[in-house]
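Below: the structure, in structure tokens.
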Amino acid sequence: MAYSSETASLAVLETVVHLNTVKATGYYLIRCTIPEEVPVSHVSRTLLAADWKFRFEETQAIGQAWIDSRSTVALIVPSAVLDVESNVLINPSHQDFSKLTFDRPQRLSFDPRLLSRSD
């Protein structure tokens with residue numbers, strides 16, 4: 001499964017929040033387009049428990065059930081980092097994967113203020 005975000009800014013936030021140290025270089029963005037005619041699945045925030053961000057087993061079970069169902073090439077899920085945006089899980093083994101298009105990797109450079117985090 002490939003883990004992606006609907007926006008480049010959310011992809012950066014999702015990356016930074018999981019790293020102890022953020023390097024200034026070495027990051028790339030690959031834009032993916034899912035054609036409108038390709039069905040995708042959605043996980044609605046309203047169907048999740050209030051504390052879903054801390055129920056890792058439950059959210060992983062949702063993702064595993066989606067993979068096992070082979071129903072769609074993508075699953076749009078709420079972001080735990082920024083709850084007004086969404087991430088997109090992509091199944092490269094799905095029959096519709098070949099319908100997705102991917103741009104060339106684009107080098108990202110971060111604003112230096114992202115590199116100096118204080119706890």
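The values are calculated or read from the model by the stated rules, or taken from the named source; none is laboratory data. Computed from a predicted model, the values in this text were never measured in an experiment. So basically every Cβ, Gly included, is an ideal-geometry build from the backbone, and we count neighbours across all protein chains shown.
Remarks
- Some residue of region 66-76 being modelled with pLDDT of 95 or more and closer than 30 Å to Arg113 by Cα: yes
- When the criteria are applied in full, Ser98 fails the requirement of being of a type in the set (Ser, Thr, Tyr) and surrounded by 10 or more Cβ atoms within 10 Å (Cβ to Cβ).
- Breaking point among (1) small (Gly, Ala, Ser); (2) under 26 Å from Arg104 (Cβ atoms); (3) surrounded by 10 or more Cβ atoms within 10 Å (Cβ to Cβ), for Gly26: (3)
- All strands (runs of 3 or more DSSP E) inside region 20-119 with 3 or more residues being in contact with a Ser or Thr (Cβ under 9 Å, 6 or more places away or on another chain) and in contact (Cβ under 8 Å) with a residue 60 or more places away in the chain: 86-90
- A single member of Asp103, Asp83 is within 23 Å of Glu37 (Cα to Cα), surrounded by fewer than 15 Cβ atoms within 10 Å (Cβ to Cβ) and of a type outside the set (Phe, Trp, Tyr), and it is Asp103.
- Scanning region 1-21 for residues that are surrounded by 15 or more Cβ atoms within 10 Å (Cβ to Cβ) and β-branched (Val, Ile, Thr) yields Val12, Thr15, Val16.
- Residues (farther than 16 Å from Tyr3 by Cβ, surrounded by 12 or more Cβ atoms within 10 Å (Cβ to Cβ) and not basic (Lys, Arg)) located in region 43-73: Leu48, Trp52, Glu58, Ser71
- Matching residues, region 1-47, being farther than 21 Å from Leu100 by Cβ and of a type in the set (Asp, Glu): none
- Check on Arg31, modelled with pLDDT of 95 or more, surrounded by 10 or more Cβ atoms within 10 Å (Cβ to Cβ) and among the basic types (Lys, Arg): yes
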